[in-house]
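Down below is the structure, laid out as C-alpha cells.
The values are calculated or read from the model by the stated rules, or taken from the named source; none is laboratory data. None of these values were measured; they are calculated from a predicted model. Positions of Cβ are generated from backbone atoms using ideal geometry, with glycine treated the same way; all protein chains shown enter the neighbour counts.
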Amino acid sequence: MKEFISFLQNKKNLLAFSGGVDSSALFFMLEEAKVPFDLAIVNYGVRKEALQEVAFAKELAKKYNKKIFIANAPKFPSNFEAKAREFRYNFFETLIKRHSYETLLLAHQLNDKLEWLLMRLGKGAGVIELSGMQKLEKRENFFLVRPLLGYTKEELLEYLENNNLPYFLDKSNFDLRYERNRYRKIANALLKESGKKGVLRSFAILAEQKALLEDFCQELQMIKELAICKCHEKALIICANKILKRLGVVLSYKERQILQKEKKLVAKRKFAIAFNGEKLFIAPFIQGIIMPKKIKEYFRIKKIPPLIRPYCFRENLIDF
C-alpha cells in the first residue's frame, strides 16, 4: 500500500465498494493510511444479503464521514456477468464525471489477476491480454487504481480477522454456474499449491514483455474521440488493444482474427477500427451519414479508411 499513499493523499478518490473481503480490507487500509475517499456500491438484488451489504456500507460511510453513492441495478435475465459489469462501470464513470473524482479505486487482488489470466488463456490471448490488470491505469479523465494486486485473498482475510474488522462473505462467489467462479476455483488452488512468489514473478516478466511490445505504439495522436497511431502491420493488434483498453474494451479472439485479416472491424457495435497500411484509426462507429462526393474523394486521397470517415465528417475533422 505504501507506494500508493502519496499518490492518493491529495486526490479526490472514489472506492468501488461491495462489503466483501477485498473491498472491506481496502476500505480499512485506506482509512488507516488517512487517504481520503468516498464510496460507490451497486445493489443487483439477486441475493437476500444484498440489502444488508448496502446497509453495512451506509453504516461505514456514516461512521467514517464518507459520501456514499448507491445504484440499484435492473434485472439481467441473460448474460448477467457482462451486463452487470457494464452497468457497474457506467455508474462509476458517471459519478467520476459528475463529482470530479480523480481516481477509481478497485479492490482486485492477486487471485483475481490470476483468474483473469486463466480465463484469457482459455480463449486465446497474447502477452498484452495475459498480463491483465495493472496497479495504475490512466483513463481519459481519471486514474484506475488497484492497490491490492500484491496481496492474496487469504492475506486480506487474515488482515480483517486479525484486526477484528467487519466484512461480508459473498456466497455467490462460490456458485459454479458462473464462469468466473469456475476459473476462480482453479486460481485459488494454484496459489495455495505454489505460493504467490512465482506467480508475482511471472506477472512481472509479462509486464516487461508487454512494455517492449507497446513500444511499437508510441506515435499516438488523439483528436477528440479519434485515435490515430502509426504502426507496423505486425503490431496492429497490440496497438489496437492498447488504445481500446483506455476505452474499457477488450477484443475477443475472433475479433482479433478479423482485424488482423480484414484490417477493419466494428468492435462491440461502438468503435470503428481500421488500418490503412501505415496508420491505425479508432473512432466511434457512426452510421446513416451521407457525405458529399467531394468529401468522400478528399478522405480517399488522405487515406482515411471508409469506416472512420463518418465520424470525421460529423466532427468536421478535415485537416489532420
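Restricting to region 17-52, and then to whatever is touching a Ser or Thr at 6+ places or on another chain (Cβ under 7 Å) and buried (at least 21 other Cβ atoms within 10 Å of the Cβ), can you tell me which residue is farthest from residue 149 (Cα to Cα)?
Among them, the one singled out is 41.
Exactly one of (1) surrounded by 15 or more Cβ atoms within 10 Å (Cβ to Cβ); (2) not assigned by TED's automatic domain parsing to the domain that holds residue 52 is unmet by residue 223. Its number?
(1)
From the list 169, 176, 144, 148, exactly one residue is in a loop (DSSP other than H, G, I, E, B), within 30 Å of residue 100 (Cβ to Cβ) and either of a type in the set (A, V, I, L, M) or in contact with a His (Cβ under 8 Å, 6 or more places away or on another chain) (or both). Which is it? Can you show your working first?
Working: 169 fails: within 30 Å of residue 100 (Cβ to Cβ); 176 fails: within 30 Å of residue 100 (Cβ to Cβ); 144 fails: in a loop (DSSP other than H, G, I, E, B).
On inspection, the qualifying residue turns out to be 148.
Quick one: which residue in 179, 137 is more than 14 Å from the chain's Cα centre (by Cα), at pLDDT below 95 and not aliphatic (A, V, I, L, M)?
Values: 137 fails: more than 14 Å from the chain's Cα centre (by Cα).
Among 179, 137, only 179 is more than 14 Å from the chain's Cα centre (by Cα), at pLDDT below 95 and not aliphatic (A, V, I, L, M).
Does residue 235 satisfy the criteria of being touching a Cys at 6+ places or on another chain (Cβ under 9 Å) and more than 20 Å from residue 311 (Cβ to Cβ)?
On the way: touching a Cys at 6+ places or on another chain (Cβ under 9 Å): yes; more than 20 Å from residue 311 (Cβ to Cβ): yes.
Taking the combined requirement at face value, the residue satisfies it.
Kindly evaluate residue 23 against the criterion of being of a type in the set (Ser, Thr, Tyr) and under 17 Å from residue 4 (Cα atoms). Walk me through it before giving the result.
Values: of a type in the set (Ser, Thr, Tyr): yes; under 17 Å from residue 4 (Cα atoms): yes.
Taking the combined requirement at face value, the residue satisfies it.
What helices (runs of 4 or more DSSP H) lie completely within region 37-126 and have 2 or more residues being of a type in the set (Ser, Thr, Tyr), modelled with pLDDT of 90 or more and closer than 29 Å to residue 7 by Cβ? Explain how you work it out, then say what you get.
On the way: elements: 50-63, 80-99, 110-121.
It comes to 80-99.
Given 302, 264, 293, 279, which one is over 24 Å from residue 131 (Cβ atoms), touching a Cys at 6+ places or on another chain (Cβ under 8 Å) and not assigned by TED's automatic domain parsing to the domain that holds residue 141? Talk me through it step by step, then tell me what you get.
Values: 302 fails: touching a Cys at 6+ places or on another chain (Cβ under 8 Å); 264 fails: touching a Cys at 6+ places or on another chain (Cβ under 8 Å); 293 fails: touching a Cys at 6+ places or on another chain (Cβ under 8 Å).
Step by step, each of 302, 264, 293, 279 is checked, and only 279 is over 24 Å from residue 131 (Cβ atoms), touching a Cys at 6+ places or on another chain (Cβ under 8 Å) and not assigned by TED's automatic domain parsing to the domain that holds residue 141.
Hey, can you tell me all the residues within region 6-18 that are of a type outside the set (Phe, Trp, Tyr) and farther than 17 Å from residue 89 by Cα? Outline the logic, then answer.
Step one: of region 6-18, the residues of a type outside the set (Phe, Trp, Tyr) are 6, 8-16, 18.
Across region 6-18, the qualifying residues are 6, 8, 9, 10, 11, 12.
Across region 294-310, which residue is surrounded by the most Cβ atoms within 10 Å (Cβ to Cβ) among those that are in contact (Cβ under 8 Å) with a residue 12 or more places away in the chain and not in a loop (DSSP other than H, G, I, E, B)?
Out of the qualifying residues, it is 309.
Working only within region 247-293, note down all residues that are more than 23 Å from the chain's Cα centre (by Cα), surrounded by 16 or more Cβ atoms within 10 Å (Cβ to Cβ) and not hydrophobic (A, V, I, L, M, F, W, C).
263, 264, 279
Taking only pairs six or more apart or across chains, which ones have beta-carbon atoms under 6 Å, a first residue in region 67-94 that is over 19 Å from residue 116 (Cβ atoms) and of a type in the set (Phe, Trp, Tyr), and a second residue that is at pLDDT below 95 and not in a helix (DSSP H, G or I)?
What qualifies is 87/73.
Check whether at least one residue in region 105-125 is of a type in the set (Phe, Trp, Tyr) and crowded, with 19+ Cβ neighbours inside 10 Å, and report yes or no. Can you show your working first?
Initially, region 105-125 is screened for residues of a type in the set (Phe, Trp, Tyr), giving 116.
Keeping just the survivors that are crowded, with 19+ Cβ neighbours inside 10 Å gives 116.
Yes, region 105-125 contains at least one residue that is of a type in the set (Phe, Trp, Tyr) and crowded, with 19+ Cβ neighbours inside 10 Å.
To keep it simple, each residue is scored yes or no on (1) surrounded by 14 or more Cβ atoms within 10 Å (Cβ to Cβ); (2) more than 18 Å from residue 133 (Cβ to Cβ); (3) acidic (Asp, Glu); (4) outside the structural domain of residue 128 (by TED's automatic domain parsing).
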| residue | (1), (2), (3), (4) |
| --- | --- |
| 161 | no, yes, yes, no |
| 164 | no, yes, no, no |
| 168 | yes, yes, no, no |
| 171 | no, yes, no, no |
| 176 | no, yes, no, no |
| 190 | yes, no, no, no |
| 203 | yes, no, no, yes |
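Do any helices (runs of 4 or more DSSP H) lying entirely in region 189-283 carry at least 3 residues that are over 30 Å from residue 301 (Cα atoms) and in contact (Cβ under 8 Å) with a residue 40 or more places away in the chain, and which ones are they? Spell out the reasoning first.
On the way: elements: 196-214, 236-246, 253-262.
Once the helices (runs of 4 or more DSSP H) in region 189-283 are filtered for at least 3 residues that are over 30 Å from residue 301 (Cα atoms) and in contact (Cβ under 8 Å) with a residue 40 or more places away in the chain, what remains is 196-214.
For region 121-156, which residues satisfy the criterion of being more than 17 Å from residue 245 (Cβ to Cβ) and either β-branched (Val, Ile, Thr) or not assigned by TED's automatic domain parsing to the domain that holds residue 104 (or both)?
Initially, region 121-156 is screened for residues more than 17 Å from residue 245 (Cβ to Cβ), giving 121-122, 124, 147-148, 150-156.
Matches in region 121-156: 152 only.
Which of the residues belonging to region 93-132 are closer than 18 Å to residue 26 by Cβ and hydroxyl-bearing (Ser, Thr, Tyr)?
Across region 93-132, the qualifying residues are 101, 103.
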